[in-house]
1. Condition first: open to solvent by less than 30 Å² (accessible area, probe 1.4 Å) and not acidic (Asp, Glu). Now tell me which residues in the range 191-202 satisfy that.
2. For the range 72-83, state whether one or more residues are in a strand (DSSP E or B) and of a type in the set (Val, Ile, Thr).
3. Which of the residues belonging to the range 85-98 are assigned to a loop (DSSP other than H, G, I, E, B) and open to solvent by less than 30 Å² (accessible area, probe 1.4 Å)?
4. Given the criteria of a type in the set (A, V, I, L, M, F, W, C) and within 17 Å of Leu55 (Cα to Cα), does Val233 qualify?
5. Keeping to the range 52-66, report how many residues are surrounded by fewer than 13 Cβ atoms within 10 Å (Cβ to Cβ) and either of a type in the set (D, E, K, R) or within 16 Å of ligand 1 (Cβ to nearest atom) (or both).
6. What residue, of Ala161, Ala174, Ala151, is within 19 Å of Val222 (Cα to Cα) and not charged (D, E, K, R)?
7. Determine whether the range 23-34 contains at least one residue that is closer than 30 Å to Ala119 by Cα, modelled with pLDDT of 90 or more, under 24 Å from the mean Cα position of the chain (by Cα) and more than 16 Å from ligand 2 (Cβ to nearest atom).
8. Which ones in the range 81-108 are of a type in the set (Gly, Ala, Ser), more than 16 Å from ligand 1 (Cβ to nearest atom) and under 22 Å from Arg148 (Cα atoms)?
Amino acid sequence: MLATRWAKAGALGTAISLHGPSLCAICRGWGRGRICAACLARFAQAVPRCARCALPVVADAPICGNCIAAPPPFDAALAAVDYGAPWDRLVTAFKFHDALDLGAPFANAIVAAERARRAPQPSLVLPVPLAPERLRRRGYNQAWEIARRVARTLSIAAEPALLLRVRETVHQLALPPLARAGNVAGAFAVEPRRRRELAGREVAIVDDVMTSGSTAAELARVLKQAGARSVEVWVLARTPRPADA
Ligand SMILES: [Zn+2]
Ligand SMILES: [Zn+2]
């Protein structure tokens, strides 16, 4: 119900934001953009994160203990916020209730996190793909809605159809953590006719949320097998470790 109201307010916000103020998706106050400056300052405070997996770390620790002990297949990760209130509700509205105008503030948050870390930019942005059936039902890939805006702002090439989801998977949140890697094994492939485009490329995979990192790890393996030199993961929100939550 609430999300439906957001979706409607979202459409209105899009129409109005071209000409002036719009309703903030978090506090419902009038401001500039779909998330107002006060809410961004309150809910999108940057915290120190592991450069490899984007989980929160104590200040001055560039890499977390887990990533030192068992580095993931991706080379770096960045997240703008922790997955939790109010972002969980906004992501649900964005994903399942057509609140597509949240794509712009989500992308802006990722761009801010990318600029803040002062690392060399990748040369190719790819969205985590949806299975064709799910894409047809939903009508859009929420990851592409974020990825294309991030890529445009940072002047990086973006390709919506280079990665394929060849097998529909159960949503990772529906599974216990130990079952998640198995759930995504073999779920992704590179478009066979376009493998050459990945040779030597530095790739950033974009998604709305990173949960266990199993999806990102599987995509990194697939992309590196196809010749990508490095793979980063850029997400709006990172699910904290259960112990950190
Ligand atoms: Zn607000
Ligand atoms: Zn880490």
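The values are calculated or read from the model by the stated rules, or taken from the named source; none is laboratory data. Computed from a predicted model, the values in this text were never measured in an experiment. FYI the Cβ positions are ideal-geometry reconstructions off the backbone, even for glycines, and counts take in every protein chain you see. To get the accessible areas, we keep the full protein, side chains included, count just its heavy atoms, and leave off ligands, DNA and RNA. Shrake-Rupley method; radii C 1.70, N 1.55, O 1.52, S 1.80 Å.
1. Leu198
2. Yes - at least one qualifying residue is present in the range 72-83.
3. Pro86
4. Considered against the rule, which asks whether it is of a type in the set (A, V, I, L, M, F, W, C) and within 17 Å of Leu55 (Cα to Cα), Val233 comes out as yes.
5. Counting residues in the range 52-66 that are surrounded by fewer than 13 Cβ atoms within 10 Å (Cβ to Cβ) and either of a type in the set (D, E, K, R) or within 16 Å of ligand 1 (Cβ to nearest atom) (or both) gives 1.
6. Ala161
7. yes
8. Gly103, Ala107, listed by residue number.
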